[in-house]
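Below is one structure, written out as structure tokens; comments come after it.
The values are calculated or read from the model by the stated rules, or taken from the named source; none is laboratory data. Keep in mind that this is a model prediction, so the values were computed, not measured. Cβ coordinates were reconstructed from backbone atoms using ideal geometry, including for glycine residues, and neighbour counts include every protein chain displayed. Calculation scope for accessible area: heavy atoms of the full protein, side chains included, ligands and nucleic acids excluded. Shrake-Rupley method; radii C 1.70, N 1.55, O 1.52, S 1.80 Å.
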Amino acid sequence: MTCNPNWPEINEHLIPTDETQNRPDLISRVFHAKLEKLKDELFKKHIFGEIAAYTYVIEYQKRGMPHAHFLLILESKYKLYTADEYDKIVCAKIPDKQKFFHLYKMIIKDMLRGLCGSANPQNNVWLDNRWVVPYNAYLLAKLDCHINVEICSTVQAVKYIYKYICKGHDRTSFRVIADTPHCEIDEIKQYVSGRWISPPKATWRIYRFPSSEIKPAVIHLQLHLENQQPMSFKKNTDLLLLRGLLEHDDNQELCLQEASHFHRPYEMRKLFATLLVYSCPNDPPASEDFLRCKSLTARYRKNILYRILLADIRSKGYIALATATSGIATSILPGGRTAHSRFKIPIDISGGGTCRISKQSSLATLIRESKLIIWDEASMCKQATIKALDDLLKGIMNLNEIFGGKVVAFGGDFRQILPIIRSGTKAETVHNGDSVVIPSSILIKYTNEVDSLERLMDAVYPNINSISENAALSLSRAILTTKNHFVDEINDLMIEKFLGESIEYISFNQILDLNHQAEYVDFLNTLSQSGFPLYRLVLKPHAPIILLQNLDLIEGLCNRTRLTCKSLTKNVIHAEIAVMAGTSGAGGDEPPQRRPRVIDFQERPGGPIRLWYTASRTRRCRRCQFYSYADHVVVAVLAERRRLRCAAARERTETLRLRGITRMQADRIGELQGNVAMEQERTNALREQLQVVNDRLTRVVREVSDRSGAIIDECGALIQGVIGANAPGGVPGGGAPGQGGAPSSSSGGESVGSVED
């Protein structure tokens with residue numbers, strides 16, 4: 001039901017020079033009165049039947065009159081099931097103008113969809129029922145406004161209905177501009193998303209009219225496990241912090257306070273700059289510098305580079321297409337789609353294929369007008385797909401240049417791809433390459449998992465506590481494993497061997513919907529995804545760690561930089577650079593001499609910055625905490641055992657596969673034998689049927705032969721009789737000449753016909 005600005009109740013209270021939109025108070029009061037009249041018809045007089053439940057909400061447009069959305073649920077005995085019952089309530093046609101002039105006038109005025117051009121009634125165009133909005137004649141004649149009545153009899157319309165009931169408040173984006181010419185420009189503060197309140201809505205709230213109603217009333221109850229209900233505090237916050245019920249939210253201040261005890265002023269300034277870049281400062285003036293510095297460090301990431309390219313081209317009004325080989329990779333690209341979906345590349349392109357796009361289609365026009373095409377994870381696709389894209393672009397652009405002259409950016413890690421063997425099997429591809437024979441002198445005999453692992457660690461690091469004096473132990477040696485789980489176990493065992501008190505750092509995991517943070521935080525802490533550190537980090541003094549983020553490229557603090565912990569506090573990790581990332585210690589046992597630098601890192605909200613002590617993970621293996629690029633690497637016994645297990649698993653898999661093939665072949669042979677038996681039976685049956693048909697055909701031929709002989713004899717006798725009767729001097733009765741016979745003329749005196757007759 002929409003408010004009618006031409007209601008008599010509104011017009012009679014307007015002065016001649018006034019307009020309806022200038023009196024929001026009058027609009028709200030009259031609309032409220034009409035709304036109460038509608039509720040009286042629905043809920044008290046029951047014009048549609050008894051109501052089991054209902055809800056309604058008042059909506060206010062930015063430009064226009066307020067309107068109400070009602071949702072009625074009838075009692076079971078009043079529900080509508082047939083078309084005749086529908087027609088008693090809802091109508092969608094123009095009535096006879098002569099019989100129902102008042103209703104006809106209201107429908108033309110209020111219940112026609114927006115008409116423009118030649119379909120406007122002012123152009124004397126004949127209107128039909130296609131332009132009529134469904135209505136109820138009684139309510140339309142009584143309320144004199146646009147009131148749309150529809151019946152929903154399927155669950156598919158539930159989402160459509162409740163969208164209007166529960167879509168929330170209107171919002172708008174606005175900005176405030178100062179009059180001073182030389183003011184500081186903060187692009188973050190310029191545009192603000194706010195709630196839009198129209199004049200009728202404001203007066204409606206001033207009059208305290210209800211904006212919504214629901215019956216029966218529904219109350220949302222929060223469910224929780226025992227002793228895990230959410231808690232809120234207003235007083236005695238410090239006491240709760242001491243008891244561990246709440247966490248500190250001032251980690252930056254605590255970090256600066258702890259670092260001020262043993263750092264000089266210039267180091268404190270660098271630490272403060274690090275906090276601005278890699279933390280979440282609460283000081284608003286630092287926000288602009290924070291975002292600017294953060295954009296500098298983000299440019300080293302591949303996905304950020306894609307986003308910058310796409311944003312730059314699209315901001316200039318051009319078209320940039322973002323594609324990827326896998327669906328997961330497309331989810332992180334703005335407007336990304338898979339290459340097979342965007343360019344219509346066949347899924348099975350092993351035998352060669354082309355993109356199914358017509359040069360006259362809209363998709364071809366989109367590709368033709370694009371300035372950049374990004375294809376992420378291109379190293380994971382086949383060469384035929386790239387060739388198909390090349391042929392497509394050449395055909396669309398009518399150019400014989402590579403990719404039709406289009407700029408195409410391919411991305412991916414080509415180190416993940418195995419060597420290519422033409423016409424080779426999967427096993428040949430996997431086992432391609434030079435074989436490495438492990439000398440028996442560096443192998444450790446396996447007894448059991450615990451003892452063998454201890455002897456392995458003692459062999460690799462004879463004196464673990466001498467790492468602080470000789471950094472080459474952590475730079476020239478490493479333990480390789482096949483699974484990240486083994487890496488975490490070995491790291492925990494190695495940390496326990498260090499002297500000193502351990503410090504535990506806990507990360508902070510946060511979900512998108514903070515209302516469910518307490519429900520899923522324990523589950524998030526148990527996850528160990530590839531590429532992410534663990535939830536719990538335990539460090540001791542002199543423990544080697546590795547940096548996983550570019551903090552300061554000039555000072556050498558970049559990804560994969562190895563450091564050694566000097567001292568640890570709750571909010572500060574005091575570490576010293578041991579060697580730069582990518583530097584090899586192959587020239588000797590001693591690492592390259594570098595000027596040691598001191599660096600501090602603070603906690604993020606709820607946990608410290610994760611300076612993890614494991615090396616970067618690759619597709620095949622992952623190096624443990626004591627990582628280097630030295631030439632001599634001690635091979636772990638666990639890796640050999642894992643290899644043997646994998647070989648045994650492959651053999652079992654191959655055996656099962658061969659057994660399955662044998663079983664399938666046996667089933668196939670049995671099926672073929674059954675088919676042969678069935679065909680033999682069918683052949684015998686056909687032979688029997690053929691024999692029966694042959695016998696019947698023989699009998700028919702014999703009968704036809706006998707009948708033919710009899711007919712021939714009769715015809716011969718008849719011919720002899722005719723010849724004898726017509727012969728000169730013949731005897732009567734057709735006898736032979738000289739015998740007695742009938743006379744040669746009839747009693748009528750007519751001659752008998754000739755032999756030819």
Highest first, please rank the peptides 649-662, 555-568 by the mean number of other Cβ atoms sitting within 10 Å of their residues.
555-568, 649-662
Need the list of lysines near residue 344 for cross-linking: C-alpha distance under 28 angstrom, and skip anything on the same chain fewer than eight residues off.
302, 316, 359, 371, 382, 387, 394, 406, 426
Could you compute how much accessible surface residue 667 exposes when probed at 1.4 Å, giving the result in Å² to the nearest 10?
100
Relative packing of 104-110, 319-325, which averages over residues the other C-beta atoms within 10 Å, highest first:
319-325, 104-110
Cross-link pairs beyond the 23 Å C-alpha cut-off, checked among 62/142; 79/215; 62/215:
62/142; 62/215
Enter the accessible area of residue 19 (Å², nearest 10), with the probe set to 1.4 Å and all protein chains included.
90
How would you rank 202-209, 8-15, 339-346, highest first, on the average number of other Cβ atoms within 10 Å across their residues?
339-346, 202-209, 8-15
